[in-house]
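Undergrad: Just passing along the structure, written as structure tokens.
Bear in mind that the values in this text are calculations on the coordinates, not laboratory data. Source: prediction; values computed, not measured. Neighbour counts run over all protein chains shown; Cβ positions are idealised from the backbone, glycine included.
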Amino acid sequence: ILPPTCTLEHDGSVVTAVTAGFHRYTLQLCPGASEPLQALVGLPLDMPVRELFADGRPRQNCTHMLDLAWLAMRHAARGDAEWIYSIAIPDVLSGPMHGTLSRNGAVVQDWQVDASTIVSPPALAGQSISGGLTRWLTTESGLPDLVIEECLVLHKGFFMVGARRFAMPEGQLPEGYRKAVTGVCYGYAAERIDTAVGLEGMGRDFSATPEKLLTFE
């Protein structure tokens with residue numbers, strides 16, 4: 001079963017079409033996020049991250065689909081450049097987490113995170129990885145555009161590490177869960193979360209078979 005896929009078309013300058021492929025997802029509402037993604041059509045490929053993430057765009061979209069789309073835009077704008085990101089965040093039982101982001105084999109971001117708070121590097125110290133980091137990076141940090149891109153990519157790694165500790169609800173969403181996630185993305189938007197239903201059988205546990213993690217079975 002494939003993960004979400006995103007196909008981006010462009011003319012070398014702007015996005016001309018974007019197609020979302022929802023193959024495995026958590027809510028029956030998720031495929032509807034194809035609609036807000038169409039707002040990317042006509043945008044320049046080299047649009048700064050700050051502008052792309054402005055006006056609440058992340059919360060209007062499927063988080064994962066938007067991530068695929070904006071990274072595809074930036075890669076297309078680079079032309080023929082090879083650009084391979086690798087994230088490494090070792091498991092910890094207690095204490096701070098250490099995570100790195102490498103590009104083409106060279107480390108470009110190196111974070112220490114303690115109790116959901118970034119403690120290093122100094123430029124990010126004090127920021128929380130559990131809420132508000134994207135907004136801070138794109139509106140207040142003053143960091144260079146490429147550094148913001150790197151931070152957003154590594155932040156997704158920490159997001160996924162944390163997500164592994166939770167089982168997504170199946171069926172009607174519990175009230176407490178609804179309150180915690182309302183407004184974070186398209187499927188959990190306030191205007192539709194009351195009709196959201198968690199799908200069954202979408203979870204995968206690769207604890208005993210890590211070699212299958214990227215085979216998308």
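Undergrad: What does the charge count near A69 come to, summing +1 for each Lys or Arg and -1 for each Asp or Glu among other residues with Cβ under 12 Å from its Cβ?
TA: That sum, taken over residues with Cβ under 12 Å, equals 0.
Undergrad: Between D11 and A208, what is 0.36 nm times their sequence separation minus the Cα-Cα distance? Round to one decimal in nm.
TA: Working it through step by step, the gained length comes to 66.5 nm.
Undergrad: So, one more: So, with +1 on the Cβ of K and R and -1 on the Cβ of D and E, and no other charges, what is the size of the charge dipole of segment 113-189 about its Cα centre, to the nearest 20 debye?
TA: Dipole magnitude for segment 113-189 comes out near 280 debye.
Undergrad: If you project the alpha carbons of segment 63-216 onto their three principal axes, what span does each projection cover, largest first, in Å?
TA: 44, 39, 39
Undergrad: Going toward the positive end of the dipole of segment 68-217, with +1 on Lys and Arg Cβ and -1 on Asp and Glu Cβ, which of T139, N104, A208 do you reach last?
TA: Result: T139, furthest along the dipole toward the positive end.
Undergrad: So, with +1 on the Cβ of K and R and -1 on the Cβ of D and E, and no other charges, what is the size of the charge dipole of the chain about its Cα centre, to the nearest 20 debye?
TA: 360
Undergrad: Once you place label points 7 Å from the Cα toward the Cβ at D194 and D91, how far apart are they in nm?
TA: 4.2
Undergrad: Further, regarding this structure: Considering the alpha-carbon set of segment 42-149 alone, what are its Rg and its Dmax in angstrom?
TA: 14.9, 47
Undergrad: Here's a follow-up. What distance in nm separates the simple spin-label points at T117 and D55, each placed 7 Å from Cα in the Cβ direction?
TA: 3.6
Undergrad: Counting Lys +1, Arg +1, Asp -1, Glu -1, what net charge surrounds V108 among other residues with beta carbon under 14 Å of its beta carbon?
TA: Result for the local shell: -3.
Undergrad: Please find the FRET efficiency linking D145 to V181, where r is the Cβ-Cβ separation and R0 is fixed at 35 Å, and quote it to the nearest 0.05.
TA: Plugging the Cβ-Cβ distance into 1/(1 + (r/R0)^6) gives 0.75.
Undergrad: Between N104 and M160, what is the FRET efficiency for a Förster distance of 22 Å, r being their Cβ-Cβ separation, to the nearest 0.05?
TA: Step by step, r from the Cβ atoms, then E = 0.55.
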